[in-house]
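A.B. asks: Below you'll find the structure I mean.
What follows is calculated from the coordinates using simple rules that are stated; it is not laboratory data. Everything quoted here is computed from the prediction, not taken from an experiment.
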Amino acid sequence: MTDFLKENYVAIGLGECYNLHNREDFKENKKTFKGEDKMYRGQSGMWLWILHRLTGVGILGFLFLHIADTYLIGLGSKYYNELVFLYHLPPFRVIEVLLVGAVLFHACNGLRIILLDFWESAIKYQRQLYYATLILFVITWLPAAFMMLKVVNWSNWSIEAPA
């Protein structure tokens, strides 16, 4: 399968390629098919690809943490309460805001990927979709972050469990 892909497609980005036998792709992207220009040079698609993978791993890490702390309920409320109070401290609130940002970015970029996969002409609008993804992410995350952080008691940094 790999040999077939190497012979028939040229990658222009992670997750983006053109069929060498499709004349429209070749005509519209002549520069991409020159020998020295085949290498991907870290444009917008690559950065979104990397962030998409990192946010996915971060969300998965949170899922494992959530399963572990929920498991503590079965051991007794004492163990659960000793851990959960930490989530109300300022550093954990900031991490929680970053988690919400990861989920929102992952969702916004997922919509961009769906458009690229199911709309044939979307590749022509790759740059516009890149900016639309970032703008959608920022206008959804900043208000959420503000609302989440405005209730934080920034003077309480004590890690002693409440009695």
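A.B. asks: With θ taken as phi - 60° and the coefficients 6.51, -1.76 and 1.60, list the Karplus ³J(HN,Hα) couplings across the stretch 84-99 in order, rounded to whole Hz; mark glycine and proline as x.
C.D. replies: Here the 3J(HN,Hα) series is 5, 4, 4, 5, 8, 6, x, x, 6, 5, 5, 4, 5, 5, 5, 5 Hz.
A.B. asks: May I pose another question? Counting pairwise Cα distances across the stretch 42-163, what percent come out greater than 25 angstrom?
C.D. replies: Every Cα pair in the stretch 42-163 considered, those over 25 Å come to 41 percent.
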